[in-house]
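Handing you this structure, nothing more for now.
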Amino acid sequence: MVEAGGRGDYARMALMLSIAMAVTGAIAILGVRDLTRHAGFRMPDQKDHSFIEDVRVSMRDRDFRMLVLSYLFTSTVTHLFLAALPFYTEYVFEDAGLTTVLMGAFLGPAVIAGPAWMRISRRTGKQKGLLTCQAIFIVGSLAFLLGETLGVPATIAVTVMLGIAFAGLQLFAFSMLPDAVAAAGAR
């Protein structure tokens, strides 16, 4: 979408992505409302109930707070990686076309790796799975310091591993949220 790299190309990409985000966000909101209505979730009492109070209560819980901070830092790293990828391909390999290949190498495996991570989490646990994914992402990110000496095929392989780890980072963090809530409820 930004092959020519001009301002108009990025503006079109931003417009297309913002439309996709708005549509998928609306679908998610409608899905959660439907889930609440049909799954028997208890709606909170409207009296003395506010969003701000909910945030205060949740942030008092150490497990929840640590999970949120972990996800915040992990999300920052993965998004910085994605943001830096076009610059890396342009200035390290001097091949802007490689951006598309590396984006595909990152996002493609991320889409299909979820079931494997789910099986791993059943065997080793969610926390170990999350720590494994974080370690893979750190090591993979450090490999990029080798620059062009890593070579294109190895860079693609490392990017695939980062994509696989990215899937686990998302899966484990979100799947641990109900666990944190249940533990808080038990306390």
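The values are calculated or read from the model by the stated rules, or taken from the named source; none is laboratory data. Since the structure is predicted, the reported quantities are computational estimates derived from the model, not experimental observations. Note that each Cβ is placed from the backbone with ideal geometry, even for glycine, and that neighbours are counted across all protein chains shown. Side chains are part of the model used for accessible areas, which takes the heavy atoms of the whole protein and leaves out ligands, DNA and RNA. Shrake-Rupley method; radii C 1.70, N 1.55, O 1.52, S 1.80 Å.
Being more than 17 Å from Ser175 (Cα to Cα) and either part of a helix (DSSP H, G or I) or in contact (Cβ under 8 Å) with a residue 24 or more places away in the chain (or both) is the filter here, so list the residues in the stretch 50-60 that pass it. Show your work before the answer.
Here is the first cut: in the stretch 50-60, the ones more than 17 Å from Ser175 (Cα to Cα) are 50-57, 59-60.
Those that are more than 17 Å from Ser175 (Cα to Cα) and either part of a helix (DSSP H, G or I) or in contact (Cβ under 8 Å) with a residue 24 or more places away in the chain (or both): Phe51, Ile52, Glu53, Asp54, Val55, Arg56, Val57, Met59, Arg60.
Would you point out the residue of the stretch 24-55, among those that are open to solvent by 80 Å² or more (accessible area, probe 1.4 Å) and modelled with pLDDT of 75 or more, that is nearest to Val181 (Cα to Cα)? Reasoning before the result, please.
As a first pass, look at the stretch 24-55 and keep what is open to solvent by 80 Å² or more (accessible area, probe 1.4 Å): 24, 27, 29-30, 32-33, 35, 37-38, 41-43, 45-48, 51-52.
Filter once more, so that each one left must be modelled with pLDDT of 75 or more: 24, 27, 29-30, 52.
On the way: Thr24: 26, Ile27: 25, Ile29: 21, Leu30: 23, Ile52: 17 Å.
Only one residue fits best here, namely Ile52.
Can I ask one more? Does the stretch 161-176 contain at least one residue that is farther than 18 Å from Ser75 by Cβ, at pLDDT below 95 and open to solvent by 70 Å² or more (accessible area, probe 1.4 Å)? First the steps, then the outcome.
From the stretch 161-176, those farther than 18 Å from Ser75 by Cβ are 161; that's our starting set.
Subset that is at pLDDT below 95: none.
No.
Would it be correct to say that Ser58 is in contact with a helix residue (DSSP H, G or I) (Cβ under 7 Å, 6 or more places away or on another chain), farther than 25 Å from Thr100 by Cβ and modelled with pLDDT under 85? Please lay out each step first, then the result.
Values: in contact with a helix residue (DSSP H, G or I) (Cβ under 7 Å, 6 or more places away or on another chain): yes; farther than 25 Å from Thr100 by Cβ: yes; modelled with pLDDT under 85: yes.
When the stated conditions are applied, Ser58 passes them.
Residue under question is Phe137, and the condition is that it be under 22 Å from Phe166 (Cα atoms) and modelled with pLDDT of 90 or more; does it hold? Explain how you work it out, then say what you get.
On the way: under 22 Å from Phe166 (Cα atoms): yes; modelled with pLDDT of 90 or more: yes.
So Phe137 fits the description; yes.
Still on this structure: Applying the selection to the stretch 48-86, what residues are at positive phi and within 11 Å of the chain's Cα centre (by Cα)? Spell out how you get there, then give the answer.
First, pick out the residues of the stretch 48-86 that are at positive phi: 48.
Hits for the stretch 48-86: nothing passes.
Over 28 Å from Asp179 (Cβ atoms) and part of a helix (DSSP H, G or I): is that true of Thr76 in this structure? Lay out the reasoning, then the answer.
On the way: over 28 Å from Asp179 (Cβ atoms): no; part of a helix (DSSP H, G or I): yes.
Criteria not met by Thr76.
This table checks each residue for (1) hydrophobic (A, V, I, L, M, F, W, C); (2) open to solvent by less than 40 Å² (accessible area, probe 1.4 Å); (3) in contact with a Phe, Trp or Tyr (Cβ under 6 Å, 6 or more places away or on another chain).
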residue: Leu85; (1), (2), (3): yes, yes, no
residue: Leu98; (1), (2), (3): yes, yes, no
residue: Pro109; (1), (2), (3): no, yes, no
residue: Ile112; (1), (2), (3): yes, no, no
residue: Gln127; (1), (2), (3): no, no, no
residue: Ile138; (1), (2), (3): yes, no, no
residue: Ala143; (1), (2), (3): yes, yes, no
